[in-house]
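Have a look at the structure below, then the notes.
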Amino acid sequence: MYWLITLMTLGILGLIITGVLIELHPSKGINGRRWFKPAIGSNLLLFVGAQALLVFFGIQEAAAAPAVAEAGEISLGMGLGLIGVGIPTAFSTVAAGIAVGPIGAASLAVLAEKPEIFGRTLIYLGLAEGIAIYGLVMSILLLDKL
């Protein structure tokens, strides 16, 4: 199992390093270097493949594990369940950040011209931030099921 976690770590580190190199040399860009696209593709494939194998082996181990675990010990199935509980919060938080960015920029631009519509812009920002709240509520409901 540890070799899968090592593969996932190497895949994500490769993606991060490739992204940093792209960010450091934006003038050359992705088209300027022939190795950027294959590096991103191979690292992403390595990460996703190792993650899929980890989930597959984790489900098998969780199904074969005894029903009662000792107190203070978390099985692999319980750990994967906790990761699954955190996924809605993670995705909804990222989505809220993506939504709040353009809405906040547009709100500031509009407030420079018409300061009297400050309340409306707050409502729009609140609606976009509500996406994160929905994900948090889903995670709390899922955590209750574990």
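Bear in mind these aren't lab numbers, they're just calculated from the coordinates by the rules spelled out. Remember, it's a predicted structure, so these values are computed and weren't measured experimentally. Because the Cβ atoms are built from the backbone with ideal geometry, glycine has one as well, and the counts that use them run over all protein chains shown.
Observations, loosely collected:
- Label-to-label distance, Thr93 versus Ser75, with points set 7 angstrom from Cα along the beta-carbon direction: 2.8 nm.
- Of the residues Glu129, Glu113, the one with the fewest other Cβ atoms within 10 Å heads the list, and the complete ranking is Glu113, Glu129.
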